[in-house]
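To keep things clear, I will list the structure first and then write my remarks on it.
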Amino acid sequence: MARSTPLSIEEETRKSELRNRLCADRDIDCDYVTSLFGDPRLAVYYPPEPQPSATTPREHERNPYLTKRFGLLTSESLQRCGDFVEAHLSAFRAAYATYGVPKEIICGHLRIESNFGVPTFLSPHPLGTVPAIDMLVTLYVRRPNRQESMYRFLRRQTFALNELKDLLRAAESNGWDLFQMPGSPTGAIGLAQFEPSSLNVAVDGDGDGKIDLFDPDDAILSVAHYLVTRGWDNQPQHQYRAIYAYYGGQYDADPNKYYMNAVLKYAQNMVEYFKSHPVGPGLQ
């Protein structure tokens, strides 16, 4: 787990620089930025060691999502989708009617991204424990490895700055308390694990006037809408590319496509599951 630590003089300088750069954005209220950076809850962490990318070649080219340890295709894992669909039938109906994305595909993303928010022994905090804002500020402020090239650090700072801008805009629009919003090490939030740069395609699925990706209805519709914005239609090849885009990477240059293949495999298994465990009538 990441741990909060005091800042060095150099890190304090970077933090001030970050605040000033956010204030310079015309779409963000500087008073809002100042209040966030003055909030005693804002913390900078030593981030956990990065995990190998799912697109990194591994011994025997094993898909990490299809390992026994990950448990993607176990009966328990499939039942989680079945129970989740049963609990949110109207949202899944709306997702298919509006965007043409079937429940099995949406489940595949939510299962891999956050396990539907269900804690397990291997992932006791599937939605994170540290606020997304803290994670992104940490990426900008702290250079954990002095052996890392300055070029890579500057790239990470640029990523963090842009993601923070999107996060703050969304927080102002939706009235979020950012210190009550846990995120991944790259600031991804909610059941759908959207990075802030994807929040512009998030959907208010339950009609309460706000977007809340920790709310199942909002997450379900948001996943479906995201896929459509990445090219999902009735053509399988377009669907594959849209699913792949959710994880990110270069589709044509990636021979493994672990994430995409795992989503499709889970969806295929769920099609069979629903044949023997039918849900609401008319739901695709």
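The values are calculated or read from the model by the stated rules, or taken from the named source; none is laboratory data. Everything quoted here is computed from the prediction, not taken from an experiment. Positions of Cβ are generated from backbone atoms using ideal geometry, with glycine treated the same way; all protein chains shown enter the neighbour counts. Surface accessibility is based on the protein's heavy atoms, side chains included, excluding ligands, DNA and RNA. Shrake-Rupley method; radii C 1.70, N 1.55, O 1.52, S 1.80 Å.
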Q. If we keep just the residues of segment 97-150 that are of a type in the set (S, T, N, Q) and at pLDDT 95 or above, which is farthest from the chain's Cα centre (by Cα)?
A. T98
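Each row is one residue, and each column tells you yes or no for (1) open to solvent by less than 70 Å² (accessible area, probe 1.4 Å); (2) at pLDDT 90 or above; (3) over 16 Å from L167 (Cα atoms).
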| site | (1), (2), (3) |
| --- | --- |
| R3 | no, no, yes |
| L7 | yes, yes, yes |
| R14 | yes, yes, yes |
| C23 | yes, yes, no |
| D31 | no, yes, no |
| A43 | yes, yes, yes |
Q) Of all residues in segment 135-172 being over 21 Å from H225 (Cβ atoms) and of a type in the set (G, A, S), which is most open to solvent (accessible area, probe 1.4 Å)? A) S149
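Every residue, every condition in (1) of a type outside the set (A, V, I, L, M, F, W, C); (2) not in a helix (DSSP H, G or I), yes or no:
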{"site": "Y96", "(1), (2)": "yes, no"}
{"site": "R111", "(1), (2)": "yes, no"}
{"site": "R146", "(1), (2)": "yes, yes"}
{"site": "R155", "(1), (2)": "yes, no"}
{"site": "D166", "(1), (2)": "yes, no"}
{"site": "A170", "(1), (2)": "no, no"}
Q) Do we have A94 as of a type in the set (A, V, I, L, M), modelled with pLDDT under 95 and open to solvent by less than 70 Å² (accessible area, probe 1.4 Å) here? A) no
Q.
Restricting to segment 113-144, name every residue that is closer than 29 Å to L78 by Cα, assigned to a loop (DSSP other than H, G, I, E, B) and touching a helix residue (DSSP H, G or I) at 6+ places or on another chain (Cβ under 7 Å).
A. V118, S123, P126, L127
Q | Tally, over segment 237-284, of residues that are outside any helix (DSSP H, G or I) and over 23 Å from A91 (Cβ atoms) | A | 7
Q) Any idea how many residues of segment 192-201 are open to solvent by 20 Å² or more (accessible area, probe 1.4 Å) and closer than 23 Å to R41 by Cβ? A) 2
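Conditions tested, residue by residue: (1) closer than 22 Å to N63 by Cβ; (2) within 15 Å of the chain's Cα centre (by Cα); (3) open to solvent by less than 20 Å² (accessible area, probe 1.4 Å); (4) modelled with pLDDT of 95 or more.
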position: V203; (1), (2), (3), (4): no, yes, no, yes
position: D217; (1), (2), (3), (4): no, no, no, yes
position: V223; (1), (2), (3), (4): yes, yes, yes, yes
position: A245; (1), (2), (3), (4): yes, yes, no, yes
position: D252; (1), (2), (3), (4): yes, no, no, yes
position: Q268; (1), (2), (3), (4): yes, no, no, yes
position: G282; (1), (2), (3), (4): no, no, no, no
Q: Quick one: in segment 173-191, of everything that is in contact with a helix residue (DSSP H, G or I) (Cβ under 6 Å, 6 or more places away or on another chain) and more than 23 Å from D208 (Cα to Cα), which residue is surrounded by the most Cβ atoms within 10 Å (Cβ to Cβ)?
A: G187
**Q.** Some residue of segment 96-119 being touching a Leu at 6+ places or on another chain (Cβ under 7 Å), of a type in the set (D, E, K, R) and free of Cβ contacts under 8 Å to residues at least 60 places away in the same chain
**A.** no
